[in-house]
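**Q** The following block contains the structure, expressed as structure tokens.
The values are calculated or read from the model by the stated rules, or taken from the named source; none is laboratory data. Just so we're clear, the structure is a prediction, and the values are computed from it rather than from any experiment. No Cβ is skipped: glycine too gets one built from the backbone with ideal geometry, and neighbour counts run over all protein chains shown. Side chains are part of the model used for accessible areas, which takes the heavy atoms of the whole protein and leaves out ligands, DNA and RNA. Shrake-Rupley method; radii C 1.70, N 1.55, O 1.52, S 1.80 Å.
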Amino acid sequence: MESTVKALSEHFPCREKLIRQLYRFYGAGDPFPPAIYLFGHTSTGKSSILREFLPHLGVTKYAFLNAIECYTNKILFETIINRLEGHMPSADNGFASLVSADCMRDFVGQLQRMDGECGYVIVLENAERVRDMDHNVLPMLLRLPEVSGLNISVVLVSDLPFEKYFIRTGLSPVIKVFVPEYSKKDIVVIMMEGFEKVREELRVNLELMVDGSAKQAALSEEEIEKRVKVLLDLTSGFYENYLNIFLNVFFKVCRDLKELQLVSFECFQKYCEPVLDGSIAPDDVTKLWRHISKTMKLSLSTIYMRMGNINKELLRPTSESAESLEQVQIMKRLAQNLELPFYAKYLLIAAYLASHNAAKEDKRLFMKNHGKQKKRLQSVNAKAKVSEKMATQLGPKSFTIDRLLAIFYAILDEKVGLTCNLLAQISTLIHLKFLIFASGEGTIMDGSARLQCTIGMDFITHIGKMVGFNVRQYLCDFF
């Protein structure tokens, strides 16, 4: 056990507790638990750990499948049987399944014919989709050992808590295992594991510049060799300092490890430039922060987007005189490439205003008859803001769905009813990662969720221009 746990813990840092839990359920030789519900936020290692862990169980047969792909009962049942038996539909067999299982009775019958001396584990990802299938599918999956007589277990992997699975007839007891998000310290540990790989990629990029194929003017071979030598001399402490700076900016907005790794590498190239050319010392953290701060703020507004080479254009070195103009053009092009419904654009604007204005200012900003505001010396001094203390620079604050809709109706000229289509557009913005949950994930309909807006000032300004709305006019920072 210890050797398996140690090997997997080295591959998945900060997840030793979860690995030990799985080993206790499946590695002790006892009958498997009928069902385990593994849930937590995306990019926390749930599926990856299971894929590495199950092969270590020896005689156990396992099947991984995605509930999004298995959109009918027949596809679900036949896929489970095929993967447990090692059958792969291909051109040689006419893409035929091993057996035909049109209903639950056929599926259970096929399970009963399987080898009873072997253990079986079924891993069903995106398990919340099972709720949309026939009413008997989920209850039966939780009772497979009872109806089949096999040592079989079902692992349901999802982002939602199990309380969201409501069936009138009730469900069998299930073991719930929560996978917490990575803390900032955990992310630093995980990303430090990739330091050598990141440095090697930068070295390859530098060597590719010798032939002059890069957009920049090609450097001489001597200069390239000099930069490569400086790059190889960089220590893990230098990279750790960079990660701490990077996470101080991005961690509040994004906890997705994959996204953070992607954006971190893009920003690290820009961070290293003055060190490689010798203009800034590697241990001068203050100058390095001043150099990278603009790039990080720009990347913050496009962190969840996949818009071709936009991010690379943002990070490409430019002259100081043309830098601001080029950034504006990139943001404008990014906003124009984004195709959103008309009301979704207004919802996005309302979300930005809710994230960057205090709730106490809503009455003054969005109501015509809000009364007179008394001018006091304290309020006058408070308005003399330093740019670093402005709400648009401090980052997004959380807001409720009710406040979002109230601002939406206040800034929209026409009258629109609160329909399912309107609420669905909020879900679309969340799916696109323009809005993220601060708390109460998955509870949009009851109004208890709190959201944050992840996009930046330049981007929302261009969205406002597309619908003829002046965003700055409704921001407290510009009064």
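**Q** Please go through the range 52-78 and give me each residue that is open to solvent by 20 Å² or more (accessible area, probe 1.4 Å), in contact (Cβ under 8 Å) with a residue 24 or more places away in the chain and not β-branched (Val, Ile, Thr), ordered by number.
**A** Of everything in the range 52-78, those that are open to solvent by 20 Å² or more (accessible area, probe 1.4 Å), in contact (Cβ under 8 Å) with a residue 24 or more places away in the chain and not β-branched (Val, Ile, Thr) turn out to be Glu52, His56, Leu57, Lys61, Tyr62, Phe64, Asn66, Tyr71, Asn73, Lys74.
**Q** Can you tell me which of Ser148, Ser158 is more than 20 Å from Asn66 (Cα to Cα) and surrounded by 14 or more Cβ atoms within 10 Å (Cβ to Cβ)?
**A** Ser148
**Q** If you check Leu150 against the conditions, is it of a type outside the set (Gly, Ala, Ser), under 15 Å from Leu84 (Cβ atoms) and touching a strand residue (DSSP E or B) at 6+ places or on another chain (Cβ under 9 Å)?
**A** In short, yes.
**Q** If I filter the range 334-357 down to residues being open to solvent by 50 Å² or more (accessible area, probe 1.4 Å) and modelled with pLDDT of 60 or more, which single residue comes out as farthest from Gly417 (Cα to Cα)?
**A** Asn337
**Q** Among what's in the range 2-28 and is touching a helix residue (DSSP H, G or I) at 6+ places or on another chain (Cβ under 6 Å) and among the aliphatic types (A, V, I, L, M), pick the residue that is surrounded by the fewest Cβ atoms within 10 Å (Cβ to Cβ).
**A** Restricting to residues being touching a helix residue (DSSP H, G or I) at 6+ places or on another chain (Cβ under 6 Å) and among the aliphatic types (A, V, I, L, M), the top hit is Val5.
**Q** Oh, and also: Being assigned to a loop (DSSP other than H, G, I, E, B) and either out of contact with any Pro (no Cβ under 7 Å at 6 or more places or on another chain) or among the hydroxyl-bearing types (Ser, Thr, Tyr) (or both) is true for just one of Glu69, Glu52. Which residue is that?
**A** Glu69
**Q** Can you name every residue in the range 167-186 that is open to solvent by 60 Å² or more (accessible area, probe 1.4 Å) and farther than 27 Å from Glu146 by Cβ?
**A** Matches in the range 167-186: Pro180, Glu181, Lys184, Lys185.
**Q** Restricting attention to helices (runs of 4 or more DSSP H) lying wholly within the range 221-276, give those where 1 or more residues are hydroxyl-bearing (Ser, Thr, Tyr) and touching a helix residue (DSSP H, G or I) at 6+ places or on another chain (Cβ under 6 Å).
**A** Correct list: 236-250, 257-276.
**Q** Would you mention how many residues in the range 339-356 are part of a loop (DSSP other than H, G, I, E, B) and under 9 Å from Pro396 (Cα atoms)?
**A** Result for the range 339-356: 0.
**Q** If only one of Val189, Val285, Val253 is crowded, with 18+ Cβ neighbours inside 10 Å and under 32 Å from the mean Cα position of the chain (by Cα), which one is it?
**A** That would be Val253, the only listed residue that is crowded, with 18+ Cβ neighbours inside 10 Å and under 32 Å from the mean Cα position of the chain (by Cα).
**Q** Do any residues in the range 105-123 that are within 23 Å of Ile68 (Cβ to Cβ) and in contact (Cβ under 8 Å) with a residue 60 or more places away in the chain have Cβ atoms under 8 Å from those of residues that are open to solvent by 40 Å² or more (accessible area, probe 1.4 Å) and in a strand (DSSP E or B), where the two are at least six apart or on different chains, and which pairs are they?
**A** These pairs meet every condition: Tyr120/Lys61; Tyr120/Tyr62; Tyr120/Asn151; Val121/Lys61; Val121/Tyr62; Ile122/Tyr62; Val123/Tyr62.
**Q** Pick from the range 104-145 the residues that are within 19 Å of Glu85 (Cα to Cα) and of a type in the set (Val, Ile, Thr): which of them is most open to solvent (accessible area, probe 1.4 Å)?
**A** Val108
**Q** Taking the criterion of being touching a residue at least 40 places away in the same chain (Cβ under 8 Å), basic (Lys, Arg) and in contact with a Gly (Cβ under 8 Å, 6 or more places away or on another chain), would at least one residue in the range 142-155 satisfy it?
**A** no
**Q** What are the residues in the range 283-298 that are free of Cβ contacts under 8 Å to residues at least 40 places away in the same chain and either over 19 Å from Phe238 (Cα atoms) or touching a Lys or Arg at 6+ places or on another chain (Cβ under 9 Å) (or both), if any?
**A** His291, Lys294, Thr295
**Q** Here's a check for you: in the range 260-282, which residue that is without any contact (Cβ under 8 Å) to a residue 40 or more places away in the chain and open to solvent by 10 Å² or more (accessible area, probe 1.4 Å) is farthest from Glu181 (Cα to Cα)?
**A** Ranking the qualifying residues of the range 260-282, first place goes to Ser279.
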